[in-house]
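Asks: To start, I am sharing the structure in question, which I have written as structure tokens.
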Amino acid sequence: MKFTLDWLKEHLDTTASAEEVGKALTMIGLEVEEIVDPAEKLRPFVVAHVVEAKPHPNSDHLNVCKVDAGTGTIIDVVCGAPNARTGMKSVFAPPGTYIPGKDFTLKAGVVIRGEKSDGMLCSAAELELSNDHDGIIELPADAPVGMPYVEYAKLGNTVIDISITPNRGDATGVYGVARDLAAFGLGTLKPTDMSPVPSKGPSPIPALPHNFAAGEPKAIRKFAGRYFKSIKNGPSPDWLQQRLRAVGLRPINTVVDITNLVSLGWGRPLHAYDADKIVGQPVLRVAKPGEEFDALDNKIYALDETMTVIADDQGPLCLGGIMGGIRSGVTEGTVNVLMECASWDPDLIAQTGRRTGIVSDARYRLERHVDPALTEPGLELATRLMLEMVGGQAMEPVISGEDVFPNTVVEFPLSEVKRLTGLETSATEIEAILSRLGFRLEGTGNTRKVQVPSWRPDITMKADLAEEVMRMVGVDNVPTDPLPRLNHVATRMLTTLQNRRRIARRTLAARGLDEAVTWSFIPEAEARRFGGGKPELKLANPIASELTDMRPSLLPGLLAAAQRNTNRGFADLKLFEIGQVFHSVLPEGQRTYAAGIRLGGSRHWQAQNGQVSVFDAKADIAALLDAMGHDIDKLQLVAESASWSHPGRGGRVQLGPKVVIGWFGEVHPSELQAFDLVGPIAAFELDLDAIPEPRRRPTRSKPALKLSDLMPLNRDFAFLVDRDVAAATILRAARGADKALITDVGVFDVFEGKGVPEGKKSVGIAVTLQPTEKTLTDEEIDAVSQAVVAAVTKATGGTLRT
Amino acid sequence: MDRIMSLDAQIATLRADIGAAVAAAGDEAAIEAVRVSALGKKGSVSALLATLGGIAPEERKSAGAAINGLKTEVTALIEAKAGELAKSALDARLAAERVDVTLPVRPAPTAEGRIHPVSQVIDEITAIFSDMGFSIAEGPDIETDWYNFTALNFPEGHPAREMHDTFFMAPAPDGVKRVLRTHTSPVQIRTMLNTNEKPAAPYLTPTIDPPIRVVMPGRTYRHDSDQTHTPMFHQVEGLVIDKSSHIGQLRWVLEEFLKAFFEVDDVTLRFRPSFFPFTEPSMEVDVQCDRSGPEVKIGEGNDWLEILGCGMVHPNVLRNCGLDPDVYQGFAWGMGIDRIAMLKYGMNDLRAFFDADKRWLDHYGFRPLDLPTLFGGLSS
């Protein structure tokens, strides 16, 4: 909310500067957004005397002026204004001055059609003071030459912009702000005279009936109206226009400007109707479904039965508490006025505001709760201003309905201040602060009965009062107090799963992948292709039409990121993300996954083969599993691809026959095409939540280490098997040939091609034997070797290559 | 006399011959041949030694000494030469093996992979709060309206709900209203309530009875998008519930945290009364900083930068979680992770956090082994 310093000082007797006011406002919770002195930018403009003005020799519309700006020398200025003439007083800007209305800075030594011009005589529009750009400003003859124009015209009027939290309806008017500052001790609140003004007779419009059926949402509480007869409307006085302009409002006419003055000044919205445009008896009722309303913002709204309107025989005149209608709007020609000052249900005003999307000064205040004690006094205040500025006769007020006064009384133990804030405050000080804020305290001892003033409906309980005290003392005056330690050495902070996520992140980064963070919402088509697209996982109001679905997988986000990077010319990428994916809206359906992609491959003189493959993805997932204490070779590996991967180059990792925990593979060419990417891209996904926690053991001791004194020995075998025999089958068979002696089996060679028949492959395995009792004899070694050959041959149908 | 002279002559001849052969030997094979021809079983010196047997006993001693003298002399000569030749052969080989060590090596994976600043900052926050005895609590991104608003004392239809620019989920078959959480505060409710007792999802932290000290980092969502707002961002909240914690301690926790986080000796905070539905009293906190230069300097200067919101947990929130507000009390705070990351590390566009531009990740990301710890320093 914006107001000027002058305006504030009309309600607050204080000598405080704008800066002091600003500091105090921020301290008491009325946060200052900005303090601007609009006159500051006009400071270089000075009062000047046009000593001489004569026509420009080379132009038929320009004048060459000799100007005295109080500098001691006469300045030459070329001026195009038709009213420039010898002897006049005007406003002069020396070179170097920024001209706000033109958005440029004056240069020195300018020559205009051969005549020197050192500065500028200015119009009001050039100073952004009005729209008047027909000529330069004319000042009275007694205006002192050389005086800054802002001082002469008393333009120094600092504008303070504060943001009001939703609970502080009481501070949506300058008067309320002054009341808070006075309680803080920055000055004395000046009361406003709101006493009744005598009437000139009965109101031509009787009290407005509240026509609501039982159960209808009745937003109106109390409607106070007053008829003003034979007024003389027109532009409002300069001081009022300036005040409204200073806070960003456009002056309309005196009556409308008065409603805005009361709304902004006292936080008490009013509405004025042209009484002659009202047809029949106006009433309060709910709107009819679809009823059209032509509002003052020049838009037509379709109303519904949740909204309250003031309507006459021809339909709605005003959307109650939100905005007036064009049909009964007050114009300069208006002669008779119905002025409304009404009390509304804040929640229903907020609801209507939301449903219509109308943002108005009235709604802003009424949905934050306007002091119910101001309904009739507000109308009296408006009456005074009307009679003063537009004359006419004020008829008897017409009142209907009842205001709602919460009349809250809080049982307040004074010790609550210390309990909640840690602040040491005496009972006397607490009492003094609350009294200054308008609370009435009763009783003695620790617990007082505190009567809450009508303008603070936000105060309902002990904690609210503790805040009021702290607010006035200043939070910065609360002494800091160390939080006592619970343990002398901090205990473990992360759960196993949380720690795993951290380790997974570092593991993947240590393998050369960059961590990405991508949107949780993705396009519907991508969601569908990656197993998502459920209707309940859609956003009702997506931020953009392409970000509609909660992601079922991290891969679409990473592939989209790869596409963006590729388009920027960076096609060598290794990216991963660890984050939530959404299989359902329930907590257990929102799981933490790790996923990564590799594509491209840098050209390097040591590189053997630049292209990535499924085995890069498998290595990544194996590294992740290892970091979590699981050996991928001991988990179930199924050579079946995820839907997004190449059907022959992908697999999945399972815990037992049913629980799938991860996928790896090369991205399917159709996916590559969908993302406009060039393959191969190696990708994996791992469900971190599905990996079981290690079994809790009573001690941290590791199993005893048994080391043999005997040398292990290696035997190599090469088998000729069918091309589709899985290496895992060979390894498992070999390992099973002698579980006691064989400690390790590895693949050292896989070969297809020359010397190997079509449809076959040669697989070389290295078997490690670890004797435990004694050195093995040749016969024993031969026996194990034959067992290996027999086991592999049996399992694969292959033969030993000799 | 003749014999002796003759032996002397033979020795002299051999010495001369072997000497010449040694001198002539040009490589290791040649010197080996010289050694074999002189000192081998059938070598010339060995042959001369073999003649000792036929020499009269009285002369044998001096003859033996003379021949052995020759053998020692020749052995030394050959070994010296062999050593010399071996060395020059090694030198030659090493010279041939020279490589261009200025050739660039393949970068270590640890030199390539980078941790996103958001993750790094979460680890930094974790390191600091773990020292103060806090644990980490988490919750789902898709929350029910009840957890995100109602339990947190947002009255239905209250303007405060509107301030949140909420993303709403499409209707679900169970009819429960759900939103993308607008803050991490629902995790406060999940922590205080017993909903996590039998964790429905593994990442949900089990319930803790007071005293509660948790921090809650995570993704949050608001329907908003410009240079400083993205529809998805990260927040971290803290919650302390016991029977005595008050605003004085809240101030201490925040000051200690911000000092540690920004790695400065001192920070000056400005607490402003404010309003949040879920705390009472409520405050916003500004940190003193210097924004005159290209980098924001925390702890000095004349500017104030709003950095977090906080307050005493609202009695209605405690009640909604089954805690008696006359017995239990505590405070909570919340701040933007992306925001404090930007302040500390100097990024200026929030949108870039979620773009995964490799150049940005490489520049603002952190090395995988730069683990933020209090003992090793938060940042290297």
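Asks: Please list 3J(HN,Hα) in residue order for the stretch B:75-85, calculated via the Karplus relation 6.51 cos²θ - 1.76 cosθ + 1.60 where θ = phi - 60°; whole Hz, with x for glycine and proline.
Replies: Couplings: 4, 4, 4, 5, 4, 4, 5, 4, x, 4, 5 Hz.
Asks: Related question: Rounded to the nearest 0.05, what FRET efficiency is calculated for A:Lys154 and A:Ser602 with R0 set to 51 Å and r the Cβ-Cβ distance? Working shown, then result.
Replies: On the way: r = 71 Å, r/R0 = 1.39.
The calculated FRET efficiency here is 0.10.
Asks: Please give, to one decimal in nm, the separation of the simple spin-label points placed at A:Ile781 and A:Ala525, each 7 Å out from Cα toward the Cβ.
Replies: In this crude spin-label approximation the distance works out to 6.4 nm.
Asks: Here is a follow-up. Using a 1.4 Å probe on the protein heavy atoms only, what accessible surface does A:Glu779 show? Give it in Å² to the nearest 10.
Replies: Its heavy atoms expose roughly 130 Å² to the probe.
Asks: I would also like to ask the following. Ratio to report: Rg/Rh of chain B, with Cα atoms as the point set and Rh obtained by the Kirkwood method; give two decimals.
Replies: Details: Rg = 42.7 Å, Rh = 27.5 Å.
Ratio of gyration radius to Kirkwood radius for chain B: 1.55.
Asks: Order the following by accessible area, largest value first: A:Leu710, B:Leu378. Probe radius 1.4 Å; ligands, DNA and RNA are ignored.
Replies: In descending accessible area the options line up as A:Leu710, B:Leu378.
Asks: Among the aspartates and glutamates, select those whose C-alpha is under 20 Å from the C-alpha of A:Lys739, and discard any that sit fewer than 8 residues away in the same chain.
Replies: Counting by Cα, and skipping residues close in sequence, A:Lys739 has these aspartates and glutamates nearby: A:Asp631, A:Asp633, A:Asp709, A:Asp716, A:Glu773, A:Asp778, A:Glu779, A:Glu780, A:Asp782.
Asks: Also: What is the set of long-range amide H partners of A:Arg801 at a cut-off below 5 Å, with H atoms built 1.01 Å from backbone N?
Replies: Residues meeting the amide H criterion: A:Ala718, A:Phe719, A:Leu720.
Asks: Moving on to the next point. For A:Leu12, what residues show an amide H to amide H distance below 5 Å, using hydrogens built from the backbone and excluding near sequence neighbours?
Replies: Result for A:Leu12 returns A:Lys190.
Asks: Skip the ligands, DNA and RNA, and give the accessible area per residue of the protein assembly as shown with a 1.4 Å probe, whole Å².
Replies: Normalised by residue count, the accessible surface of the protein assembly as shown is 45 Å².
Asks: Same structure, new question: Place +1 on the Cβ of every Lys and Arg and -1 on the Cβ of every Asp and Glu in chain B, take the dipole about the Cα centre, and give the residue among B:Gln10, B:Gln235, B:Pro140 whose Cα lies farthest towards its positive end.
Replies: My answer, from the dipole projection, is B:Gln10.
Asks: Another question about this same structure. I'd like the antiparallel share, as a percent to the nearest 5, of DSSP beta bridges with both residues in the protein assembly as shown.
Replies: 95
Asks: Taking 0.36 nm per intervening residue step and subtracting the Cα-Cα distance, what contour gain separates B:Asp326 from B:Glu73 on full extension?
Replies: Net length gain for the segment: 80.4 nm.
Asks: With +1 on each Lys and Arg Cβ and -1 on each Asp and Glu Cβ, how big is the dipole of the protein assembly as shown about its Cα centre, in debye rounded to the nearest 20?
Replies: 2740
Asks: In addition: Kirkwood hydrodynamic radius, the stretch A:136-177, all distinct C-alpha pairs: what's the number in Å?
Replies: Taking the inverse mean of 1/r over all distinct Cα pairs, the stretch A:136-177 comes out at 13.9 Å.
Asks: Applying the Karplus parametrisation 6.51 cos²θ - 1.76 cosθ + 1.60 with θ = phi - 60° to the phi angles of the stretch A:523-536, what ³J(HN,Hα) value in whole Hz is obtained for each residue in order, glycine and proline being reported as x?
Replies: Ordered by residue, 3J(HN,Hα) equals x, 4, 4, 5, 4, 5, 5, 9, x, x, x, 4, x, 6 Hz.
Asks: In whole Hz, with x marking every Gly and Pro, tabulate ³J(HN,Hα) for the stretch A:785-802 from phi via Karplus 6.51 cos²θ - 1.76 cosθ + 1.60, θ = phi - 60°.
Replies: Along the stretch A:785-802, the couplings run 4, 5, 5, 4, 4, 5, 5, 5, 4, 5, 6, 10, x, x, 10, 6, 7, 10 Hz.
Asks: Can you work out D for the stretch B:1-97 in µm² s⁻¹ from Stokes-Einstein, where Rh is the Kirkwood radius over C-alpha pairs, the temperature is 25 °C and the viscosity is 0.890 mPa s?
Replies: It diffuses with D of about 170 µm²/s by this estimate.
Asks: Can you check how the C-alpha radius of gyration of the stretch B:207-260 compares to 2.2 N^0.38 Å, as a plain ratio?
Replies: 1.49
Asks: Could you list, in their original order, any pairs among A:Lys23/A:Lys222; A:Lys288/B:Lys177; A:Lys2/A:Lys277; A:Lys154/A:Lys299 whose Cα atoms are separated by more than 31 Å? Show your work: numbers first, answer last.
Replies: Numbers: A:Lys23/A:Lys222 38 Å; A:Lys288/B:Lys177 29 Å; A:Lys2/A:Lys277 33 Å; A:Lys154/A:Lys299 39 Å.
Exceeds cut-off: A:Lys23/A:Lys222; A:Lys2/A:Lys277; A:Lys154/A:Lys299.
Asks: Evaluate peptide A:136-143: per residue, the Cβ atoms of other protein chains within 10 Å of its Cβ; return the mean as an integer.
Replies: Mean shielding count: 0.
Asks: Please work out the Cα convex hull volume for the stretch A:283-334 and give it in Å³ per residue.
Replies: 78
Asks: By the scheme Lys and Arg +1, Asp and Glu -1, what is the net charge of all other residues having a beta-carbon under 14 Å from that of A:Asn233?
Replies: -2
Asks: Go through A:Trp7, A:Ser454, B:His223 and say which Cα lies farthest out towards the positive end of the charge dipole of the protein assembly as shown; charges sit on Cβ, +1 for Lys and Arg, -1 for Asp and Glu.
Replies: Among A:Trp7, A:Ser454, B:His223, the one farthest towards the positive end of the dipole of the protein assembly as shown is B:His223.
Asks: Note down the magnitude of the dipole of the stretch A:514-555 about its Cα centre, charges +1 on Lys and Arg C-beta and -1 on Asp and Glu C-beta and zero elsewhere, to the nearest 20 debye.
Replies: On the way: 5 positive and 7 negative charges, 46 e Å.
It comes to approximately 220 debye.
Asks: Additional query: Using a cut-off of 23 Å between alpha-carbon atoms, which lysines can reach B:Lys42, once sequence neighbours fewer than 8 places away in the same chain are excluded?
Replies: Output for B:Lys42: B:Lys61, B:Lys71, B:Lys81.
Asks: Report the accessible surface area buried between chains A and B, summing both sides, using a 1.4 Å probe on protein heavy atoms only, in Å² rounded to the nearest 100.
Replies: Summed over both sides, the interface buries about 8500 Å².
Asks: May I pose another question? Say each of B:Ala9 and A:Glu216 gets a label point 7 Å from the Cα, pointing the same way as Cα to Cβ; how far apart are those two points in nm?
Replies: 15.4
Asks: Tell me the trypsin sites (Lys or Arg not before Pro) within the stretch A:214-266 that lie in a loop according to DSSP and have at most 12 other beta-carbon atoms within 10 Å.
Replies: A:Lys232
Asks: Calculate, in whole percent, how much of the Cα-Cα pair population of the stretch A:592-745 lies beyond 27 Å. Before the final figure, lay out each step's value.
Replies: Details: 4848 of 11781 pairs.
Above the 27 Å cut-off, the stretch A:592-745 has 41 percent of its Cα pairs.
Asks: What would the Debye equation give as log₁₀ I(q)/I(0) for the stretch A:106-170 at q = 0.12 Å⁻¹, counting only Cα atoms as equal point scatterers?
Replies: Scattering profile of the stretch A:106-170, log10 relative to I(0): -0.55.
Asks: Kirkwood Rh, the stretch A:374-502, all Cα pairs: how many Å?
Replies: Taking the inverse mean of 1/r over all distinct Cα pairs, the stretch A:374-502 comes out at 19.3 Å.
Asks: Rounded to the nearest 20 debye, what is the charge dipole size of the stretch A:456-569 about its Cα centre when +1 sits on each Lys and Arg Cβ and -1 on each Asp and Glu Cβ?
Replies: Details: 18 positive and 13 negative charges, 172 e Å.
Once rounded to the nearest 20, the dipole reads 820 debye.
Asks: Let me see the P(r) profile for the stretch A:1-85: every Cα-Cα distance counted, bins of 10 Å, each bin given as a percent of all pairs.
Replies: 14, 29, 16, 14, 20, 7, 0
Asks: Taking the dipole about the Cα centre of chain A, with the C-beta of Lys and Arg at +1 and of Asp and Glu at -1, give me whichever of A:Ser90, A:Ala726, A:Pro657 is farthest to the positive side.
Replies: Of the options given, the answer is A:Ala726.
Asks: Roughly how many percent of the accessible protein surface of the stretch A:430-588 is carbon and sulfur, given a 1.4 Å probe and a whole-percent answer?
Replies: With neighbouring chains kept in place, the figure for the stretch A:430-588 is 53 percent.
Asks: Counting other Cβ atoms within 10 Å, keep those with at most 15, restrict to DSSP loop, and tell me which GluC sites (Glu not before Pro) in the stretch A:325-379 are left.
Replies: Passing both the DSSP loop test and the Cβ count: A:Glu332.
Asks: Return the loop-located trypsin sites (Lys or Arg not before Pro) in the stretch A:741-802 (DSSP other than H, G, I, E, B) with at most 12 other Cβ atoms within 10 Å of their own Cβ; answer none if there are none.
Replies: Qualifying residues, ordered by number: A:Lys754, A:Lys774.
Asks: Now a separate question. With a cut-off of 8 Å between alpha carbons and a minimum separation of six or more residues, what is the relative contact order of chain A in percent?
Replies: Reported relative contact order: 8 percent.
Asks: Rounded to whole Å and sorted largest first, list the principal axis extents of the Cα atoms in the stretch A:260-379.
Replies: So the three principal-axis extents are 34, 32, 24 Å.
Asks: What residues have an amide H closer than 5 Å to that of A:Thr447, excluding those fewer than 5 places away on the same chain, when H is modeled at 1.01 Å from N in the peptide plane?
Replies: Amide H neighbours of A:Thr447: A:Leu414.
Asks: First obtain the Kirkwood hydrodynamic radius of the stretch B:246-333 from its Cα pairs, then insert it into the Stokes-Einstein equation at 10 °C and 1.306 mPa s, and state the resulting D in µm² per second as a whole number.
Replies: Working: Rh = 14.0 Å.
Stokes-Einstein gives a translational diffusion coefficient of 113 µm²/s.
Asks: Assuming 1.002 mPa s and 20 °C, estimate D for the stretch A:1-48 with Stokes-Einstein, Rh taken as the Kirkwood radius over Cα pairs, in µm²/s. Intermediate results must be reported in sequence, preceding the final value.
Replies: Values: Rh = 12.4 Å.
In µm²/s, the coefficient rounds to 173.
Asks: Report, largest value first, the span of the C-alpha coordinates of the protein assembly as shown along each principal axis, in whole Å.
Replies: 167, 82, 69
The values are calculated or read from the model by the stated rules, or taken from the named source; none is laboratory data. Source: prediction; values computed, not measured. Glycine also receives a Cβ, built like all others from the backbone with ideal geometry; neighbour counts cover every protein chain displayed. When the accessible area is computed, the model is the full protein with side chains, heavy atoms only, and any ligands, DNA or RNA have been set aside. Shrake-Rupley method; radii C 1.70, N 1.55, O 1.52, S 1.80 Å.
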